[in-house]
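> Submitted below is the structure of interest, expressed as structure tokens.
The values are calculated or read from the model by the stated rules, or taken from the named source; none is laboratory data. Quick caveat, the model's predicted, so the values are computed rather than measured. Here the Cβ is made from the backbone with ideal geometry for all residues, glycine too, and neighbour counts use every protein chain on show. Surface accessibility is based on the protein's heavy atoms, side chains included, excluding ligands, DNA and RNA. Shrake-Rupley method; radii C 1.70, N 1.55, O 1.52, S 1.80 Å.
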Amino acid sequence: MLSALIVAVALALGAYLAFSRRLAGSARWKATVTPLASIMGSGFLVSAPLLGGIVGNLAVGFMAVLLVLAYAVGGAIRFNIRHFEPLENRGHGPAQVIGELSRIVLSGAYFISVTYYLQLLAAFLLNAVGVHSPTAGHAITTALLVAIGGVGMWRGLGELEGLEKYAVALNLGMIGALLVGLAVYNAGLLIHGRWALPAVPSDVDLHDARVLLGLLIVVQGFETSRYLGDEHPAALRIATMRTAQLLSAAIYLVFIALVTVLFHPDLGADVTAIVGMTRPVSAVLPILLSVAAIGSQFSAAVADTEGAGGLIEDITHRRVPVRYAYLLILLVTVALAWSTDVNGIIAYASRAFALFYTLQCIVAVIVAWEARDLPRHRLRAAGFAGLAVACFAVFTLGLPAG
């Protein structure tokens, strides 16, 4: 009965998101779904097993800390959308120089995130067929990188972009179904008097804290609103980024609260453990999760490859055509794929995006300090400086899980 409900929710929600004419015609929805899909993509799949393996029953509290940090950094980026974008191409002051440097860092972060998405895809694919081989995972990741890079160099990635709409719908539909399934499962345990927190280690030491810093990537993605200026006006991007962050924060906290009852001492640092964890809830959930994971990670990798290619072309003022940018991305990501594992690449991606956030916060400090007509401009500058320090701490101290 529960399996049927889960499938019905997944299909209904996924179909509505993919085929609704009202949503397709809504500029607000389009501006919301881009950061929302980025935040909820891979992070949703890996957050529970990684947090459960590191901090046990304290997972909800530590997820809240990550979400608060991400929302605060989002506030700095929203400030830059409103106050820095109009000045970005005027002169070559400190804010403009650091802003340009942050774009270079972001292109590098995209290199790492593309590798991360496809390594995660390979991990879920191998888990689905019962194979546990690092070499096979590297080979699958490499094949996918060659396929995406080859299509990009040959015909561009426009033809693959059409898959993103359906991958996002599938992923969000799966998330909705998972939350419904977990809610029913928890309710059943409560009704029968069998609900209890699991007996898992919940102590946190300095090493655990550094690993937690390396998990910033699980709530990353909101910054995509910063670079949708060609599609949406600033006010809409600011409002929809805030909506995406608040909605994703609520979903993450509810999810971690509901899934905590499924934690067990053997979670470790297995990023695919969410599949096995949900098996007691319903036999259909592991299948849905695996399918959605594979589709969403491929779509995310295509999107970030295209984003990195566009950034390289823009940073070099078109001296490096996007076709050659895709070749560079292919060479770097294949090297990354063979020199890291999925847990290591999560920490590297977190640190790369943390450096980008650090630079964006420094831009906000400069703009706020110089904006003497802005109320409490010095106080805002101080707040952004504190955020820059926090993000730099993630960059310098973050460690991989496992």
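> When the residues of segment 328-346 are narrowed to those that are surrounded by fewer than 17 Cβ atoms within 10 Å (Cβ to Cβ) and not small (Gly, Ala, Ser), which ends up nearest to residue 50 (Cα to Cα)?
In this case the residue turns out to be 338.
> Scan segment 157-170 and tell me whether some residue there is buried (at least 17 other Cβ atoms within 10 Å of the Cβ) and not in a helix (DSSP H, G or I).
Checked against the condition, which is being buried (at least 17 other Cβ atoms within 10 Å of the Cβ) and not in a helix (DSSP H, G or I), segment 157-170 yields at least one hit.
> Could you please find all residues in segment 34-54 being closer than 17 Å to residue 297 by Cβ, open to solvent by 10 Å² or more (accessible area, probe 1.4 Å) and β-branched (Val, Ile, Thr)?
Matches in segment 34-54: 34 only.
> Is it the case that residue 314 is more than 30 Å from residue 184 (Cα to Cα), in contact (Cβ under 8 Å) with a residue 60 or more places away in the chain and surrounded by fewer than 21 Cβ atoms within 10 Å (Cβ to Cβ)?
Yes; evaluated as a whole, the condition is true for this residue.
> Please enumerate the residues belonging to segment 278-287 that are in contact (Cβ under 8 Å) with a residue 60 or more places away in the chain and either touching a Lys or Arg at 6+ places or on another chain (Cβ under 6 Å) or surrounded by fewer than 23 Cβ atoms within 10 Å (Cβ to Cβ) (or both).
280, 283, 284
> Let me ask something additional. Can you name every residue in segment 64-99 that is open to solvent by 40 Å² or more (accessible area, probe 1.4 Å), outside any helix (DSSP H, G or I) and not charged (D, E, K, R)?
Hits for segment 64-99 are 89, 91, 92.
> Okay, next question. With (1) open to solvent by 30 Å² or more (accessible area, probe 1.4 Å); (2) at pLDDT below 85; (3) not acidic (Asp, Glu) as the list, and residue 401 as the residue in question, which single condition is left unmet?
The failed condition is (1).
> Report the residue count in segment 284-312 for those that are closer than 18 Å to residue 2 by Cβ and not hydrophobic (A, V, I, L, M, F, W, C).
Residues that pass the stated criteria total 1.
> Which residue, of 364, 368, 354, is out of contact with any Lys or Arg (no Cβ under 9 Å at 6 or more places or on another chain) and either under 22 Å from residue 137 (Cα atoms) or crowded, with 24+ Cβ neighbours inside 10 Å (or both)?
After ruling out the rest, the residue left standing is 354.
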